Amino acid sequence: MPSHLEQSAAFPERSGPYLYDLEFHLEVEGEIALMSTTRYYRYEELHLRTVARLENGHYQFEALGLSRDNEEINSAIGEGPRRHQRYVLFNEPPTDEEIARLRERMLPTAGETGRLEDDPQGADVDTDTEADPAHEETAERKRAYLNCFLWRCPYKGFSFSQACYGSIPVVKNDVELEVLLKEGGRKAKPRFFETLQYALRAIPPFIDPTSGTLALSDNSWQVPCRPVMEGLVDLCREVYGRKMTILEPEALGADRMQYASHRVAGTPIVKIAGRFDNGTPTSIRVSGFKGEVWIHSFRREIFFDTATGRILKDDLRLEFGIQRTARLLALKGQKNEVHIVLVDQCFRGCPDTDTGIALAARTCSSTTP
């Protein structure tokens with residue numbers, strides 16, 4: 001695979017391990033029509049520590065657990081037709097005081113109902129999307145519930161494989177969560193890792209792996225949008241809980257993303273930037289009815305080490321639209337954002353400048369055995 005990336009690349013024998021941080025952010029806001037039109041909202045924030053090793057030409061990533069940074073809350077919000085579910089994921093069982101602080105921060109006063117202000121730092125996912133004709137609460141009368149879960153044994157629970165050209169073809173999700181507090185009833189089911197699984201699989205290659213050898217330094221090229229669109233439809237199927245299929249796959253080759261690169265002076269690192277805006281709407285079938293999905297904007301920043309064939313940082317932001325206009329089972333996404341960052345810990349917080357990248361590279365090489 002590396003020969004596709006850099007003609008002169010000489011990849012050393014060292015295969016790892018390398019420590020990476022994985023940060024995942026999802027926010028979806030819109031409307032869903034069941035028995036009546038209701039606001040749909042979903043938010044997820046997940047921070048993982050992972051370790052990567054080179055195996056069979058791919059880097060194999062294995063989750064070590066949640067981030068230890070106290071400022072990073074692994075949480076989610078889910079708003080369906082009748083309720084707000086709010087979830088928090090822990091590495092270790094919280095104290096009663098921690099639960100009380102979460103309740104105060106994330107929920108209204110006990111017994112209150114009403115529209116909650118969206119707090120991106122206190123998040124959660126609601127799978128309760130079935131209409132109940134006998135119990136139609138309006139958006140102003142939804143009740144909020146706090147649900148807490150423990151990821152007690154993360155090792156070998158979540159892993160994935162990344163190719164040197166950027167795509168993630170394999171994701172393994174065997175995560176089991178222990179219930180600490182479940183106020184939202186039987187439908188309160190966090191979907192942290194299920195959603196992350198589909199989001200990672202939507203990451204496209206930053207070059208066409210069938211295009212042959214490509215020197216990355218000081219170059220520009222285009223890549224078809226098709227892999228992103230195919231992954232995006234799979235992600236939307238998971239997020240909205242609706243069957244979705246692409247109606248005209250052959251039409252996906254029209255839009256192309258633009259990439260450009262330059263080498264960071266004094267290092268083997270190439271910085272790659274990708275962008276795309278206002279994609280052509282793609283026809284999909286949503287629960288048996290025709291709809292559309294499209295890319296609003298796509299931004300990607302990659303630090304690629306040509307000496308090792310390793311991606312040091314992959315920062316992807318995707319904004320998309322989705323709708324299905326009809327009297328029944330209508331769906332409309334007003335705000336849809338996905339942000340994924342997979343970064344070597346040496347480059348976390350690294351300034352987006354050649355000087356900052358070079359300094360991080362020197363610091364990392366001096367501390368790596």
Restricting attention to the stretch 156-169, does a residue exist that is surrounded by 18 or more Cβ atoms within 10 Å (Cβ to Cβ) and at pLDDT below 85?
no
Pull up the stretch 161-178, narrow it to residues that are assigned to a strand (DSSP E or B) and touching a Leu at 6+ places or on another chain (Cβ under 9 Å), then point me to the one that is farthest from V228 (Cα to Cα).
E178
Failed item in (1) within 15 Å of the chain's Cα centre (by Cα); (2) surrounded by 18 or more Cβ atoms within 10 Å (Cβ to Cβ); (3) at pLDDT 90 or above, with N173 passing the rest
(2)
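I'd like to check something: does the stretch 270-283 contain any residue that is surrounded by fewer than 20 Cβ atoms within 10 Å (Cβ to Cβ), closer than 28 Å to G57 by Cα and at pLDDT 90 or above?
yes
When the stretch 301-351 is examined, which residues are found to be small (G, A, S) and touching a helix residue (DSSP H, G or I) at 6+ places or on another chain (Cβ under 6 Å)?
The answer is G309, and nothing else.
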For residues in the stretch 142-155 being at pLDDT below 90 and within 30 Å of D315 (Cα to Cα), which is surrounded by the most Cβ atoms within 10 Å (Cβ to Cβ)?
P154
Those residues of the stretch 315-359 that are closer than 22 Å to H25 by Cβ, of a type outside the set (A, V, I, L, M, F, W, C) and either crowded, with 22+ Cβ neighbours inside 10 Å or more than 14 Å from the chain's Cα centre (by Cα) (or both) come to a total of 12
Search result, residues across the stretch 210-248 that are free of Cβ contacts under 8 Å to residues at least 40 places away in the same chain, in contact with a strand residue (DSSP E or B) (Cβ under 9 Å, 6 or more places away or on another chain) and not β-branched (V, I, T):
W221, Q222, P224, E230, D234, R237, E248
Could you say which residue among A215, A251 is more than 24 Å from C164 (Cβ to Cβ), at pLDDT below 80 and of a type outside the set (D, E)?
A251
Any residue in the stretch 316-327 that is among the polar types (S, T, N, Q) sitting within a Cβ distance under 7 Å of a residue that is assigned to a strand (DSSP E or B)? List the pairs, counting only those 6 or more apart or interchain.
Q323/G291; Q323/E292; Q323/L331; Q323/K332; Q323/G333
Does L181 satisfy the condition of being assigned to a strand (DSSP E or B) and touching a helix residue (DSSP H, G or I) at 6+ places or on another chain (Cβ under 9 Å)?
yes
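The values are calculated or read from the model by the stated rules, or taken from the named source; none is laboratory data. Just so you know, these numbers come straight off a predicted model, no measurement behind them. Every residue, glycine among them, receives a Cβ derived from its backbone with ideal geometry; neighbour counts consider all protein chains shown.
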